[in-house]
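See below for the structure under consideration.
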Amino acid sequence: MSEAAVAPDWIEAGRKLFAGPCEFIFAAARADGLPPIGGPEFAFAGRSNVGKSSLINALTGRATLARTSRTPGRTQELIFFDLGGKARLVDMPGYGYAAVAKSKSESWSELSRDYLRGRPSLARVFVLVDGRHGLKESDHETMRALDAAAVSYAVVLTKGDEVKAADQDVRIAATLEGLRKHVAAYPEVLMTSSRAGDGVPELRAHIAQLLAERTGGVASAAFG
Ligand SMILES: Nc1nc2c(ncn2[C@@H]2O[C@H](COP(=O)(O)OP(=O)(O)O)[C@@H](O)[C@H]2O)c(=O)[nH]1
Ligand SMILES: [Mg+2]
């Protein structure tokens, strides 16, 4: 996963895509209250507190676009952001936070499941996993649901600034190993840090490339 593996043209395309305006457009608390279908959607899923909102902020270069929190389990809605009229970013409710009342956490996953199953404009889900800890059972559970729904997704490791350089490749390799039993998982894993910016240009490039593929043309994708 060297940063040099992503072609400079795609890094530049990603930079441009995310340099434009990005605005909040919609918060949906119910599956029957989603915004009308618009551009391709890139959704950010993961355990509570894994860094979903922080990564959206880092990608868009806006410190306060998506609300971040030290209190896990606060986002109870699907939050939609418009990226220059070209794509949408979707901040998803977190999962796997035990202190959340059972009924509430079930309704979150119901909303998420409904969204993931029935959204034709969903281009890719990023399953964020804490780079310090690697895959947890709740991540496997989410990925099984994505496999079953035939939604393509990629695992993105977060908080790389807190993972020693010597441990990063080991964590990536272990994560890849854990993905082998998941049929819809993209077979590459990117280590990121919203705090230090590592991997952020590569993730922007990946999204730009997926967008280009969707709107016709480019055949192959390099993730990181
Ligand atoms: N060290 C470090 N902490 C991070 C990073 N990204 C997020 N965090 C922290 O993790 C906590 C949860 O982040 P947040 O984006 O709200 O997570 P979410 O619940 O998945 O949306 C906050 O205290 C963030 O400051 C990162 O790249 N590095
Ligand atoms: Mg959040």
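The values are calculated or read from the model by the stated rules, or taken from the named source; none is laboratory data. The structure displayed is predicted, hence computed values, not measured ones. When we count neighbours, we look across all protein chains shown, and the Cβ atoms used for this are built from the backbone with ideal geometry, even at glycine. Just so you know, the surface numbers come from the protein's heavy atoms only, side chains and all, with ligands and any DNA or RNA stripped out. Shrake-Rupley method; radii C 1.70, N 1.55, O 1.52, S 1.80 Å.
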- The one condition in (1) more than 23 Å from PRO93 (Cα to Cα); (2) in a helix (DSSP H, G or I) that THR142 fails to fulfil: (1)
- Item | Answer residue from region 28-58, given it is of a type in the set (A, V, I, L, M) and more than 14 Å from ligand 1 (Cβ to nearest atom) and is least open to solvent (accessible area, probe 1.4 Å) among those | ALA28
- Note on the structure: Checked region 121-156 for anything among the acidic types (Asp, Glu) and open to solvent by 10 Å² or more (accessible area, probe 1.4 Å); matches are ASP130, GLU137, GLU141, ASP147
- Taking VAL100, is it within 24 Å of ARG195 (Cβ to Cβ) and either of a type in the set (A, V, I, L, M, F, W, C) or modelled with pLDDT under 90 (or both)? no
- Task: Please state which one of HIS182, HIS206 is open to solvent by less than 50 Å² (accessible area, probe 1.4 Å), modelled with pLDDT of 95 or more and part of a helix (DSSP H, G or I).
- Result: HIS206
- Message: Checking the structure you have, find out if any residue of region 163-173 is part of a loop (DSSP other than H, G, I, E, B) and of a type in the set (Val, Ile, Thr).
- Response: yes
- Check on ARG119, modelled with pLDDT under 95, more than 13 Å from ARG47 (Cα to Cα) and in a loop (DSSP other than H, G, I, E, B): yes
- Message: Yes or no: region 157-173 includes at least one residue that is touching a Phe, Trp or Tyr at 6+ places or on another chain (Cβ under 7 Å) and crowded, with 20+ Cβ neighbours inside 10 Å.
- Response: no
